[in-house]
Amino acid sequence: MTKKKEAKKSGLLYERKNFFKEAPQSEHEEAFKYAKGFKTFLDECKTVRETVAWTEKVLKKHKFTTLDAKAAKDKVYTIFRGKTMAMAILGSEPLSNGCNIVGAHIDTPRIYLKQNPLYEDGPSGMLCGRTHYYGGIKKYQWVSTPLSLHGVVIKANGEIVDISIGEKDDDPVFVIPDLLPHLARKEQYSKSLGDAIDASRLNVVFGGMHDLDKDEKHSLKLYCVKLLNERYGIDENDFISAELELVPAGKARDAGFDGSMVLGYGQDDRICAYTSLTALLANLNAKPKRTMIVYFSDKEEVGSQGNTGAQSVFLQDFVASLLRHKGESDSSTNLRRTIMNSMVLSADVSAAVNPNYPGVHELQNATLFNHGIALSKFTGSGGKSGCNDANAEFVAKVIRIFNQAGVYWQMAELGKVDEGGGGTIAYILANQGAEVIDCGVGLMGMHSLYELCSKADLYNTFKGYKAFLVNN
């Protein structure tokens, strides 16, 4: 045995471990079993509102109650505006001693319909819809791919109509047609990749049939609106107060000959939402000393602003409500003390090394598939601009928790220095005084229509969150 191998064996050198090489077969089977539920979650939760509604159903099955309910006890949750939520299992210690929080975001890159979207296109003779993209997307990925339409319509009388078209086998799907390569030389090939498809040309085709009963100017539009009226009871005026999103149609799938990966839309960051939710539920019988909180935020992909983003007062208000529920003071001083005494995992994904583009990573500090949950001491860009930078004591504590629980983990970095960068909600919670570190699953193809994860990393992220939440 070489001296280097001896040093590694003795634990003197850092070496991340490959789950599929090191873990027993029984754990492989657990990882594959766990991924089945995750795929169902991705299929049923393609929007923020759908994710919140799905999560509430699961919580109710496990006897959680709303925090303001008369019957509220130790398992509680709160939903705000239908787009952000927090859930908790109360511990035996005073909440002001601090709590363990795992916070994920549930918004994903997508394409919205504009408020007045429908128009009859003269040159093509088709009914189309104008759109506006959300978050950091590569626009060329969204053309010539099957899309489904999800969202809500708020009618003039206040009635809420849920829309989902394109997910069932007998549903129609929608498409933003691309330009054929034969005619793309001037329109696309002469431009940079980012400019080849202009945002104003991300118009979706909705139909081509005319209303034959009336010879009217807008017979194309009228025909499709009549179909919507028959099915949902809505008219064109209702689009103005609607939130309708185009997302990739179809289900999440196993990937690879070995089925060791999951391919699906919206894994950034719903993969961390699912793992944190299931981690909380796995601790239902733990009888913790410290209160456990899982927080789902909105609007992270556009800066976390707004009344449902992490920069809003929602999470602080939730913690204040928990203080009152436990009979403690909810004064601003005690609330600040509670958050400052808390430990937080900013549950967000990392960029795993892509075999086609390894050069954008500094490989010694990059995330690798199958090596477990990824810890990012900092994100941001350049000289750590716009980031939270977890202190050494907290990094060591989280690693110690993972090691004691047998969690496979690795340190991560979002690309080479000055290559690019990105951010999470970590700095927002750290600004309030909490100990925070980014911690989640490494993905390939992040922000693309179909992101790829390792089942090994998915499973170990669940195990990591579970261990962190219950740590006293």
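What to note about this one:
- Only one of the numbered conditions (1) of a type outside the set (Lys, Arg); (2) surrounded by fewer than 13 Cβ atoms within 10 Å (Cβ to Cβ); (3) in contact (Cβ under 8 Å) with a residue 24 or more places away in the chain is violated by residue 230, and that is (3).
- Selected residue (only one of 317, 268 is under 30 Å from residue 97 (Cβ atoms) and either assigned by TED's automatic domain parsing to the domain that holds residue 457 or buried (at least 19 other Cβ atoms within 10 Å of the Cβ) (or both)): 317
- Screening residue 200 with (1) part of a loop (DSSP other than H, G, I, E, B); (2) closer than 22 Å to residue 125 by Cβ; (3) among the small types (Gly, Ala, Ser) gives one miss only, at (1).
- Residue within the range 171-186 that is part of a helix (DSSP H, G or I), of a type in the set (Lys, Arg) and farther than 21 Å from residue 246 by Cβ present: yes
- Among (1) more than 30 Å from residue 140 (Cβ to Cβ); (2) touching a Leu at 6+ places or on another chain (Cβ under 9 Å); (3) of a type in the set (Ser, Thr, Tyr), the one test that residue 278 misses: (2)
- The range 99-131 - residue that is surrounded by fewer than 16 Cβ atoms within 10 Å (Cβ to Cβ) and of a type in the set (S, T, N, Q) and, of those, nearest to residue 437 (Cα to Cα): 115
- Residue within the range 205-226 that is in contact (Cβ under 8 Å) with a residue 40 or more places away in the chain, closer than 30 Å to residue 422 by Cβ and in a loop (DSSP other than H, G, I, E, B) present: no
For (1) surrounded by 16 or more Cβ atoms within 10 Å (Cβ to Cβ); (2) touching a Leu at 6+ places or on another chain (Cβ under 6 Å); (3) under 24 Å from residue 375 (Cβ atoms); (4) at pLDDT below 95, each residue gets a yes or a no:
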{"site": "5", "(1), (2), (3), (4)": "no, no, no, yes"}
{"site": "8", "(1), (2), (3), (4)": "no, no, yes, yes"}
{"site": "14", "(1), (2), (3), (4)": "no, no, yes, yes"}
{"site": "20", "(1), (2), (3), (4)": "yes, no, yes, no"}
{"site": "28", "(1), (2), (3), (4)": "yes, no, yes, no"}
{"site": "41", "(1), (2), (3), (4)": "yes, no, yes, no"}
{"site": "47", "(1), (2), (3), (4)": "yes, no, no, no"}
{"site": "52", "(1), (2), (3), (4)": "yes, no, no, no"}
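- Residue count, the range 271-310 (criterion: more than 20 Å from residue 463 (Cβ to Cβ) and surrounded by fewer than 18 Cβ atoms within 10 Å (Cβ to Cβ)): 6
- Residue pairs whose Cβ atoms lie under 6 Å apart, separated by 6 or more positions or on different chains, with the first residue in the range 321-338 and in contact (Cβ under 8 Å) with a residue 60 or more places away in the chain and the second surrounded by fewer than 16 Cβ atoms within 10 Å (Cβ to Cβ) and in a helix (DSSP H, G or I), do not occur.
- Within the range 97-139, the set of residues being closer than 30 Å to residue 326 by Cα and over 29 Å from the mean Cα position of the chain (by Cα) comprises 97 only.
Residues checked against (1) hydrophobic (A, V, I, L, M, F, W, C); (2) on the phi < 0 side of the Ramachandran plot; (3) more than 24 Å from the chain's Cα centre (by Cα); (4) assigned by TED's automatic domain parsing to the domain that holds residue 115:
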site	(1), (2), (3), (4)
143	yes, yes, no, yes
156	yes, yes, yes, yes
170	no, yes, yes, yes
184	yes, yes, yes, yes
199	yes, yes, no, yes
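- Residue match in the range 194-215 (condition: aliphatic (A, V, I, L, M), farther than 30 Å from residue 453 by Cβ and surrounded by 15 or more Cβ atoms within 10 Å (Cβ to Cβ)): yes
- Cβ-Cβ distances below 9 Å connect the following pairs, each with a first residue in the range 86-111 that is at positive phi, a second residue that is of a type in the set (Lys, Arg) and outside any strand (DSSP E or B), and a separation of six or more residues or different chains: 98/290; 98/337.
Quick grid of which residues meet (1) over 28 Å from residue 450 (Cα atoms); (2) of a type in the set (A, V, I, L, M); (3) within 18 Å of the chain's Cα centre (by Cα):
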position	(1), (2), (3)
237	yes, no, no
241	yes, no, no
288	yes, no, no
292	yes, yes, no
311	yes, no, yes
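- Per-region count, the range 298-346, residues assigned to a loop (DSSP other than H, G, I, E, B) and of a type in the set (Ser, Thr, Tyr): 6
- Hey, residue 311 without any contact (Cβ under 8 Å) to a residue 60 or more places away in the chain, assigned by TED's automatic domain parsing to the domain that holds residue 393 and either under 27 Å from residue 108 (Cα atoms) or in contact with a Leu (Cβ under 7 Å, 6 or more places away or on another chain) (or both) or not: no
- Only residues that are part of a helix (DSSP H, G or I) and among the acidic types (Asp, Glu) were counted in the range 242-278, giving 2.
- Hits in the range 359-376 - residues which are closer than 18 Å to residue 348 by Cβ and out of contact with any helix residue (DSSP H, G or I) (no Cβ under 6 Å at 6 or more places or on another chain): 361, 365, 366, 367, 368, 369, 371, 374, 375, 376
The values are calculated or read from the model by the stated rules, or taken from the named source; none is laboratory data. Computed from a predicted model, the values in this text were never measured in an experiment. When we count neighbours, we look across all protein chains shown, and the Cβ atoms used for this are built from the backbone with ideal geometry, even at glycine.
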